[in-house]
Amino acid sequence: MRFNELMRLLSQDFAIEIKAGSDYAKVNDICLLGPSHSHWDKNTLYVSCSHSLPMFSDEPLLLLTSHEVSALPAGSMHALFHIDDLCNLFNRAKELILQDLRLSDKYFELARTSLAGANVSALINEAASIVGNALILVDSADRVLASSTNYEIFDPLWVQNVERGYCSYEFVQKVRTNREMQEWSKLGSETQLITLPGDLQPKLVARVEQEGHVAGALVMVVHHTPIQSIHPRQLPLIGKVLFDAVYRDSANAGAYRSVQSTILYDLLDEQDSTDIYEYISDSKVDFPQVMQAVTARYIHHIDNRYIKRTFALELEKIFPKGHSVQYKSYIGILVPSVSSEQRQALKELAAKEDVSIGISWPFSDLREFRRHFYQAVSSVKQAQQFGDPDRIHDYTRYACYDLYYNYTGKIPLLNYCHPAIFTLENYDKENHTELCHTLRTYLEMDKNLNATSAALFIHRNTLHYRISRILELTNLDLKDQNVTWSLMDSFRIRAFLSQR
């Protein structure tokens, strides 16, 4: 503990006057000074209530006296106290020094655990055990990087923030307009008690800096253990270790700094778009002029936020100009476009991570992000419904099924099927043929005879016969593109209804 820091802590309970102080002189021990004292240690605080002091060495020393001292070695630190406080002050100073030494041991142990490769989830739980309260690590973009799980959080505002992994826009506005927060972020002390409107529990917040800039904060939710004098000194040190672990684990050190990601989450969470656009304007945040939404969902349910966050980092590697967002069970990213190389990288990532990925139609208005995000989501859902073995699914292929799924009209969808479909289905059922399947394959292959016969594993002459029989039964004009579109829509409706 530093000399000035110790004097400031003591002055909260006792009358202390610093005559000569320093923020650099370290105090490791405390000793009551007697008249025959002859051995001096530069990191020991000596306490005296006597008018006559022993002869000092020429080395600077740390001294707390009840009486003025006329001459001390150069560089010495000196403060005055009231003689009536001697016993209580001495015991309190000893307690603070021992606390600080214990803190140093715990801090170095935490740092050693981090260097040994422990991930941030394990580290923040260990840190929570040290401070005796729940901890939440957030970055400068108000994203929740990590939170402890060994102490319950009762404040619903922070419970929601932790669950979503982001601070909501409403919450961020509360933070930015809070006077205590403004003081803390500009000129305030490194650690400050901050209370927001609606808070049920006090929060001790420590500023964490990286390379001279504010990287975020470590929030201690005060519930299980009351705030102690050691907490304000613990939190900044712990926060530094945790941030170092976050950036060490991250393949991209900037992955947790995106303000855009916070905006995307609020858009998905149906926050007030007017407020969000004011926020975008104030923050001078830019988005691409043309965008697409890419979403991914693990094929087998997974509830590990750390694994999901790692997957988001992989997406950001593929789309370095994208902005990732995690919403419910989906991991998404807003991208300018999807190139063939990026599509191939997505396929490889999907296979490696066992995920299914959907890609929306392009759009240019950010207010349409939520709709296009769900286009990509619908692609994943419909592909799973139809048993599509591919891992990458374009909305173009599933747009019609999305339409049918959300159809709320009173007229049955079956009424929109071309009658030729029913004719062929009945004929196939009665004659054990496959004319309906043949027609659909023929249309899907863009009426290419070679491709169709190969897909059906039949001879070209057999295909010719089947097509002729189809035309004979239905009188279809397959040269008419509108007929083709109507037939394909009918096939899709039949396939959709068969899955419900």
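The values are calculated or read from the model by the stated rules, or taken from the named source; none is laboratory data. Model, not experiment: these values are computed from the prediction. Positions of Cβ are backbone-derived with ideal geometry, glycine not excepted, and every protein chain shown enters the neighbour counts.
Out of the residues in the stretch 380-394 that are assigned to a helix (DSSP H, G or I) and in contact (Cβ under 8 Å) with a residue 24 or more places away in the chain, state the one that is nearest to residue 287 (Cα to Cα). It comes out as 380.
Taken over the stretch 412-424, the criterion of being in contact (Cβ under 8 Å) with a residue 40 or more places away in the chain, closer than 14 Å to residue 495 by Cα and in a helix (DSSP H, G or I) is satisfied by 413, 414, 416, 421.
Taking the condition within 30 Å of residue 245 (Cα to Cα) and part of a helix (DSSP H, G or I), does residue 101 pass? Considered against the rule, which asks whether it is within 30 Å of residue 245 (Cα to Cα) and part of a helix (DSSP H, G or I), residue 101 comes out as yes. Pick out the one residue from 41, 13 that is modelled with pLDDT of 80 or more, over 23 Å from residue 83 (Cβ atoms) and assigned to a loop (DSSP other than H, G, I, E, B). Answer to the check: 41.
Scanning the stretch 72-130 for residues being surrounded by fewer than 17 Cβ atoms within 10 Å (Cβ to Cβ) and of a type in the set (D, E, K, R) gives a total of 7. Take residue 36 and tell me if it is more than 30 Å from residue 235 (Cα to Cα), free of Cβ contacts under 8 Å to residues at least 24 places away in the same chain and not assigned by TED's automatic domain parsing to the domain that holds residue 235. Criteria met by residue 36. Among residues of the stretch 461-497 being within 18 Å of residue 448 (Cα to Cα) and of a type in the set (Val, Ile, Thr), the one that is modelled with the lowest pLDDT is 483.
Yes/no per residue for (1) buried (at least 17 other Cβ atoms within 10 Å of the Cβ); (2) polar (S, T, N, Q); (3) in contact with a helix residue (DSSP H, G or I) (Cβ under 9 Å, 6 or more places away or on another chain); (4) more than 19 Å from residue 97 (Cβ to Cβ):
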{"residue": "30", "(1), (2), (3), (4)": "yes, no, yes, no"}
{"residue": "37", "(1), (2), (3), (4)": "no, no, no, no"}
{"residue": "42", "(1), (2), (3), (4)": "no, no, no, no"}
{"residue": "48", "(1), (2), (3), (4)": "yes, yes, no, no"}
{"residue": "54", "(1), (2), (3), (4)": "no, no, no, yes"}
{"residue": "65", "(1), (2), (3), (4)": "yes, yes, no, no"}
{"residue": "70", "(1), (2), (3), (4)": "no, yes, no, yes"}
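Taking the stretch 416-449 as the range and being farther than 18 Å from residue 479 by Cα and of a type in the set (S, T, N, Q) as the test, the residues that pass are 423, 426, 431, 433.
Scanning the stretch 208-236 for residues that are at negative phi and modelled with pLDDT under 85 yields a count of 14. Restricting attention to the stretch 422-453, the residues being among the charged types (D, E, K, R), surrounded by 14 or more Cβ atoms within 10 Å (Cβ to Cβ) and under 49 Å from the mean Cα position of the chain (by Cα) number 2.
Once the stretch 44-72 is narrowed to residues that are outside any loop (DSSP other than H, G, I, E, B) and polar (S, T, N, Q), the residue that is farthest from the chain's Cα centre (by Cα) is 48. Pairs are defined by a Cβ separation below 8 Å, a sequence spacing of at least 6 or placement on different chains, a first member in the stretch 460-477 that is among the hydrophobic types (A, V, I, L, M, F, W, C), and a second member that is surrounded by 13 or more Cβ atoms within 10 Å (Cβ to Cβ) and in a loop (DSSP other than H, G, I, E, B); the pairs so defined are 470/476; 471/478.
Put simply, of 349, 313 the only residue that is in the same structural domain as residue 395 (by TED's automatic domain parsing), surrounded by fewer than 21 Cβ atoms within 10 Å (Cβ to Cβ) and at pLDDT below 90 is 313. I need the full set of residues from the stretch 237-277 which are modelled with pLDDT of 65 or more and exposed (fewer than 13 other Cβ atoms within 10 Å of the Cβ), in order please. Result: 270, single match. Kindly indicate whether any position in the stretch 87-106 is more than 17 Å from residue 26 (Cα to Cα) and not assigned by TED's automatic domain parsing to the domain that holds residue 26. Yes: one or more hits. Residues in the stretch 336-379 that are touching a residue at least 60 places away in the same chain (Cβ under 8 Å), closer than 20 Å to residue 326 by Cβ and aromatic (Phe, Trp, Tyr): 369, 373.
Can you find a residue that is in the same structural domain as residue 339 (by TED's automatic domain parsing), surrounded by fewer than 16 Cβ atoms within 10 Å (Cβ to Cβ) and among the β-branched types (Val, Ile, Thr) anywhere in the stretch 380-397? Yes, the stretch 380-397 contains at least one residue that is in the same structural domain as residue 339 (by TED's automatic domain parsing), surrounded by fewer than 16 Cβ atoms within 10 Å (Cβ to Cβ) and among the β-branched types (Val, Ile, Thr). The helices (runs of 4 or more DSSP H) found entirely in the stretch 427-500 that carry 2 or more residues being in contact with a Ser or Thr (Cβ under 9 Å, 6 or more places away or on another chain) and under 23 Å from residue 398 (Cα atoms) are 435-444, 449-456.
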